[in-house]
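What follows draws every value from the coordinates through simple rules; no lab data is involved. Because the structure is predicted, anything quoted here is derived from the model rather than measured. All Cβ positions, even for glycine, are placed from backbone atoms using ideal geometry, and neighbour counts span all protein chains on display.
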Amino acid sequence: MESQKFAQELIDFIYKSPTAFHAVDSVGKILLACVYKEIFENESWKLKKEGKYFMMKNSSAVIAFHLGRGELVEEGFRIIAAHTDSPCFRVKPSPEIVSEDAYLKLNTEVYGLPILNTWLDRPLAIAGRITLKGNNLMKPITKLVNINRPILIIPNLAIHMNRNMNTGIALNEQKDLLPVVGLINDNLQKDNFMLKLISQELKVNIGEILDFDLFLYEFEKGSLIGINNEFISCSRLDDLAMVHAGIIAMTKVGSSKATKVMVCFDNEEVGSSTKQGAGSPMLAQLLERITISMTLDREAYFRTLSNSFLISADLAHALHPNTPEKADPINRPIINKGPVIKISARQSYTSDSFSVGVYESICKKAGVPVQKFVNRSDERGGSTIGPISSQHLDINAVDIGSPIIAMHSIRELAGVEDHLMTEKSFEEFYKS
Ligand SMILES: [Zn+2]
């Protein structure tokens, strides 16, 4: 079945993408295989009409674009935006902590807003980026590392030691959530444990390691589940599912009149206010540089923006089978019933009747059903990249996403059909 095959491709993509750095690396590999050319921020760009390019930022964000065959000003940009990061734990500097002369633990801090208890009693691994000394001290070398072995666990307390366990307990981030990495013995040297592990993994001397950005992730691979394999149970679906759907749609659609853009920002889960986040000028500058490269002036750039459209693609909440009362009484997205348009009176989503109308028409043309999400009036709901991006880029935009259950759990639950339907809607958007 096409949808199950595509869902399995998503699971494989996420497995190869344990951190934002690796997600960008995975995206880069897909783009290179489709003859997209990597270009760099510090170079002068000589872009060709109908050319396919991508630019990375901080190795954790990426923008891919395929120049259209039509006039840039008239046709505008067709942009899909998603994010590469997911809630998790970040390893602190000098992370080794010895507990009771017996256990070696790692000091970590929480990144974003994970459902903390879902991280307990699960085999965990470590991945991220390492910065090494280079010849130029202003330009150190960075390398990705993925220690893809179940080397860590955050153990629960026995229920006999806390009889309130099943009526809700508060987990302290500094006390209850530090992962155990082993028992102290002759073979496990606690001093510089982390640096030694990295040096072995990368086959470099400890002295070469300047610093690291390391994160914990779930060791287990995602899977299709349900009696008819209708669900995807996997880590980091938020928002790698939309990164995957966007990149695949972009590479599948050939030449179009408009210029196709897929932007994958980092740091959405911590507010987007980094140089590689949606709160930065990264996307606006890239779009302006495309215009300059086409030998157009600044007015032409602003005219191009007014003819452009942005889909902010981040996952949406589906109705929960055990807690349906948390959803709006009328607008209740269901798994495998199609992508969801997100709407909010407080404008925490960019959607308005104009942009909703555009996306609905795209879905109709693609033969894809579409659903709507609004928060219950007494619930605040989350935030996403669309409104943050709008602060830097004045473009008509809509917020959408595939529906999922258990958002921010270590294993989120999505629908096999939804993933393909959302991708089909993206293809139609890029063709329009
Ligand atoms: Zn998200």
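Multiplying the residue separation of Asn192 and Glu379 by 0.36 nm and removing their Cα-Cα distance gives an extension gain of 62.7 nm. When the chymotrypsin sites (Phe, Trp or Tyr not before Pro) in segment 1-109 are filtered for DSSP coil states and for at most 16 other beta-carbon atoms within 10 Å of their beta-carbon, the remaining sites are Phe40, Trp45. Per-residue Cβ neighbour counts within 10 Å put Leu283, Leu144, Leu413, Leu188 in the sequence Leu188, Leu144, Leu413, Leu283, beginning with the fewest. So for the chain: antiparallel DSSP bridges make up what percent, rounded to the nearest 5? Given both bridge residues lie in the chain, the antiparallel proportion sits at roughly 70 percent. Using Cβ point charges alone (K and R +1, D and E -1), the dipole size of the chain about the Cα centre works out to roughly 800 debye. For Leu319, nonlocal amide neighbours, meaning residues 5 or more places apart or on other chains whose placed amide H falls under 5 Å from its own, are Ile334, Ile335. Distance from the alpha carbon centroid of segment 174-208 to that of segment 1-41 works out to 30 angstrom. Under 20 Å from a label point 7 Å along Cα→Cβ of Lys139: give me every residue in segment 13-50 with its amide N that close. It comes to 38-46, nothing else.
Karplus-derived 3J(HN,Hα) values for segment 420-432, using 6.51 cos²θ - 1.76 cosθ + 1.60 with θ = phi - 60°, are 5, 5, 5, 4, 5, 5, 5, 4, 4, 4, 5, 6, 6 Hz; glycine and proline are entered as x. By the beta-carbon count within 10 Å of each Cβ, the least crowded to most crowded order of Thr131, Thr167, fewest first, is Thr167, Thr131. For Glu50, the residues whose amide H sits under 5 Å from its own are Leu67, Gly68, ignoring neighbours fewer than 5 places away on the same chain, with H placed 1.01 Å from N. Per the Debye calculation on segment 160-228 with a single equal scatterer at every Cα and no solvent contribution, log₁₀ I(q)/I(0) for q = 0.13, 0.27 Å⁻¹ amounts to -0.72, -1.27. For segment 387-401, 3J(HN,Hα) computed residue by residue from phi via the Karplus equation (6.51, -1.76, 1.60; θ = phi - 60°) reads x, 5, 5, 4, 5, 10, 9, 8, 9, 4, 9, 10, 9, 9, x Hz, glycine and proline entered as x. For the residue pairs Lys252/Lys364; Lys57/Lys139; Lys49/Lys260; Lys37/Lys275; Lys372/Lys424; Lys29/Lys252, alpha carbon separations beyond 21 Å are given by Lys37/Lys275.
Cβ-to-Cβ counts within 10 Å put Met294, Met56, Met165 in ascending order as Met165, Met294, Met56, the fewest first. Based on alpha carbons, the Rg and Dmax found for segment 267-349 are 18.4, 57 Å.
For a distance above 18 Å, tell me the whole-number percent of Cα pairs in segment 307-417 that qualify. Of all Cα-Cα pairs in segment 307-417, 48 percent lie more than 18 Å apart.
Once the chain from Asp352 to His160 is taken as fully extended at 0.36 nm per residue, the excess over their C-alpha distance is 63.8 nm. Secondary-structure-derived ellipticity at 222 nm for the chain, considering helices only, amounts to -8000 deg cm²/dmol, per-run term -39500 (n - 2.57) for DSSP H runs with n ≥ 4. Phi angles of segment 132-137 translate, via the Karplus equation with coefficients 6.51, -1.76, 1.60 and θ = phi - 60°, into HN-Hα couplings of 10, 4, x, 6, 9, 5 Hz per residue; Gly and Pro are given as x. Toward the positive end of the charge dipole of the chain, with +1 on the Cβ of Lys and Arg and -1 on the Cβ of Asp and Glu, the farthest Cα among Val181, Ser26, Gly415 is that of Ser26. Under a 5 Å amide H cut-off, with hydrogens placed 1.01 Å from N, Ser255 pairs with nothing among residues at least 5 apart or on other chains. Modelled spin labels at Lys275 and Lys252, positioned 7 Å past Cα toward Cβ, are 3.6 nm from each other.
Note: relative contact order over the chain, using C-alpha pairs below 8 Å and six or more positions apart, is 23 percent. Each principal axis of the Cα atoms in the chain has its own extent, and those three values, largest first, are 69, 60, 41 angstrom. Applying Stokes-Einstein at 25 °C and 0.890 mPa s to the Kirkwood radius of segment 132-280, computed over alpha-carbon pairs, gives a translational diffusion coefficient of 119 µm² s⁻¹.
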